[in-house]
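For reference, the structure is listed below as structure tokens.
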Amino acid sequence: MHEYTSSARVWGLSCPGFPEEVSRARRWTRDILRGSPLAEDAELIVSELSANAILHTASGQTSGSFHLALAVSPQVIALSVTDDGSTGTAPKVEHQDQEAEHGRGLGMVSALAHRVVVHGSHDSHTVTAELFTDAGPAGGHPC
């Protein structure tokens, strides 16, 4: 993962695994990143990752939850969503054709983000998407 300097600010939010919590996660992200040129991309990423947690993991089951972390430094915005796991399959980026009705969420996230990292076990998965700012590492995508 990208190195976060001591000047990074970090926020966290835990949400019950209800579909309406996806809009709460988006608002939370928008409020923190207000004024950033990357705010819209970050909102969309959080929305997709939160919805995936609810739809495809134990987070969407009774008493399930998902957890967001947002780290902001001068070089990078890192958005992480951790789910409750227990589905037998880990999240992975799949490139679906345009006619596919499902399975494009992480592909879209990877198209918006400069880097996507998936960590996990049976107990939980964390998907982290990083958006590099203009001050980001050389060779990164332009923002």
**Asked** Say R0 is 30 Å: what FRET efficiency, to the nearest 0.05, do Ala111 and Gln61 get from their beta-carbon distance?
**Response** 0.55
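If r is the Cβ-Cβ distance from Ser86 to Val10 and R0 is 25 Å, what FRET efficiency results, to the nearest 0.05? Walk me through the intermediate numbers first.
Numbers: r = 27 Å, r/R0 = 1.06.
About 0.40, to the nearest 0.05.
Working out 0.36 nm times the residue gap between Arg27 and His119, then minus their Cα-Cα distance, what length gain in nm do you get to one decimal?
Details: separation 92, 0.36 × 92 = 33.12 nm, distance 2.52 nm.
Residue separation times 0.36 nm, minus the Cα-Cα distance, leaves 30.6 nm.
Values quoted throughout were computed directly from the atomic coordinates according to the rules given, and no laboratory measurement underlies them. This one's a predicted model, so the numbers in the text were calculated from it and none came from an experiment. So basically every Cβ, Gly included, is an ideal-geometry build from the backbone, and we count neighbours across all protein chains shown.
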